[in-house]
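One structure below.
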């Protein structure tokens, strides 16, 4: 079992929801998908590489016939999978501090959700509904979400300068190079092994 | 479609695991044992097959009871959860997996109900789609770059940092020549392998480790 690979933590959670409530949640996610500014906090937190929520209706668990027995459930379920940088505590603390309203809108439809503030009860709830990852792979284990974003900024600026360079005289190139350095300087950094956390 | 965010596809699969009381060890445990032995770096099956940013495999034993006044209920099957964030279309991704790492797919999914094997490929794809769940909301921090593009960009970022540090104060004529060489050098280098780690450079001055 490993929830961690390099700088990424894999989190899985499942929570029960009364079926009539799942439609409200679906509507909220629909709005969240369409109105991009509502995702600003999620984007600005900048330590989530990928995350997804899956509303799983009780009669839609995959059924492949004999010898599998068909599920008979009273609840629909909300599945949550996240790939984030940092420790579990940092993640939940940041979620609670920055995204409390959004999280409440997502999980308030789940049974026994205590709200994302105060954080103690929220953490107890997440710890209860979380299940561990058996195998976790990332193509770039030494890079955090910010490293990836920065790397693409550097790549774009570099490609631009590389394209311009043959058409510039040395003085023009020096000026363009200076602009390039100014543009990328805050996006340069070391991607290496993850720090050891406790 | 909520499975897509930009150019990244969010695949979620739930495969019911065979419940055979006579199997020793049980099928879910056999999956777990196999997954525990599977490499996670550049020898990972997901590094060998093309197009995976991040992926996980999880044995989900049951749903979770959150306490009164909620009702306690249980699943009749355990499920293998496969969650992947991938480039391109689902079909081409599944074909890539089936062609590149069929032995791993078969070792894992042969413990699941109705798994037809990684060949014939159309049956494999049909099985995976039968187990697929539609994602309700999919978030991707970077949604317009492929795995190869990201690995290239990380390589460029590292190389550019070195280049800038090594060429401070150089005269414009020489700097332009050196930069042209650097561009050609970077172009000629192969992209880093997915899942690979790079060797940490020794920091001699400054930085957080002093």
By the Cα gyration tensor axes a ≥ b ≥ c (a/c under 1.5 gives rounded; else a/b larger than b/c gives prolate, otherwise oblate), the shape of region B:145-205 is oblate
The simple spin-label model distance between residue B:121 and residue A:27, using points 7 Å out along Cα→Cβ, in nm, is 4.5
Expressed as a whole number, the average count of other chain Cβ atoms within 10 Å around the Cβ atoms of B:11-20 is 3
With the 8 Å Cα cutoff and a minimum separation of six or more residues, region A:4-131 has a relative contact order in percent of 37
tail above 24 Å in the computed P(r) of chain B, as % of all Cα-Cα pairs, reads 57
If one compares the long axis through the Cα atoms of helix B:147-166 with the longest principal axis of the Cα atoms of chain B, the angle in degrees, nearest 10, works out at 30
Per-residue average of other protein chain Cβ atoms inside 10 Å, peptide A:52-61 -> 6
Kirkwood calc, the protein assembly as shown, C-alpha pairs only, radius in angstrom 23.1
Region B:46-126: relative contact order from alpha carbon pairs under 8 Å, six or more residues apart, as a whole percent, is 29
Per-residue average of other protein chain Cβ atoms inside 10 Å, peptide A:114-123 -> 0
Taking R0 as 22 Å and r as the Cβ-Cβ distance between residue A:93 and residue A:39, the FRET efficiency 1/(1 + (r/R0)^6), rounded to the nearest 0.05, comes to 0.60
Rounded to two decimals, the Rg over Rh value of region A:145-187 from Cα coordinates and the Kirkwood Rh reads 1.05
Cα-based Rg and Dmax for region A:98-163, in Å, come out at 19.2, 58
1/(1 + (r/R0)^6) with r = Cβ-Cβ of residue B:23 and residue A:186, R0 = 51 Å, i.e. FRET efficiency to nearest 0.05, evaluates to 0.35
For chain A, longest principal axis from Cα atoms; helix A:145-164 axis from its Cα atoms; angle between them, nearest 10 degrees, is 30
So for chain A, using the alpha carbon gyration tensor with a ≥ b ≥ c as root eigenvalues (a/c under 1.5 gives rounded; past that, a/b versus b/c decides prolate or oblate), I'd call it prolate
Under the 7 Å Cα-to-Cβ spin-label approximation, residue A:59 and residue A:178 lie apart by a distance in nanometres of 7.1
Most packed first (mean Cβ within 10 Å per residue), the peptides A:142-152, A:106-116, B:181-191, A:85-95 order as A:142-152, A:106-116, A:85-95, B:181-191
Rounded to the nearest 500, the 222 nm mean residue ellipticity computed for the protein assembly as shown from DSSP H runs (n ≥ 4, each -39500 (n - 2.57)) alone is -13000 deg cm²/dmol
Taking the alpha-carbon centre of each part, the distance from region A:44-102 to region B:161-195 in Å is 43
The equivalent-ellipsoid semi-axes of region B:1-56, taken as the square roots of five times the Cα gyration tensor eigenvalues and listed largest first in whole Å, are 28, 18, 6
One finds, for residue B:188 and residue A:46 with R0 = 25 angstrom and r their Cβ-Cβ distance, a FRET efficiency to the nearest 0.05 of 0.15
Of all C-alpha pairs within region B:37-132, those more than 21 angstrom apart amount in percent to 38
For chain B, longest principal axis from Cα atoms; helix B:172-188 axis from its Cα atoms; angle between them, nearest 10 degrees, is 30
Subtracting the Cα-Cα distance of residue A:117 and residue A:104 from 0.36 nm times their residue separation yields 3.8 nm
Length gained if residue B:7 through residue B:164 is fully extended, taking 0.36 nm per residue and subtracting the Cα-Cα distance, is 53.3 nm
With label points set 7 Å from each Cα along the Cα-to-Cβ direction at residue B:178 and residue A:124, the distance between them in nm comes to 6.1
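Rule-based calculations on the coordinates, nothing more; no lab input. Nothing here was measured: the structure is a model prediction, and the numbers come from that model. No Cβ is skipped: glycine too gets one built from the backbone with ideal geometry, and neighbour counts run over all protein chains shown.
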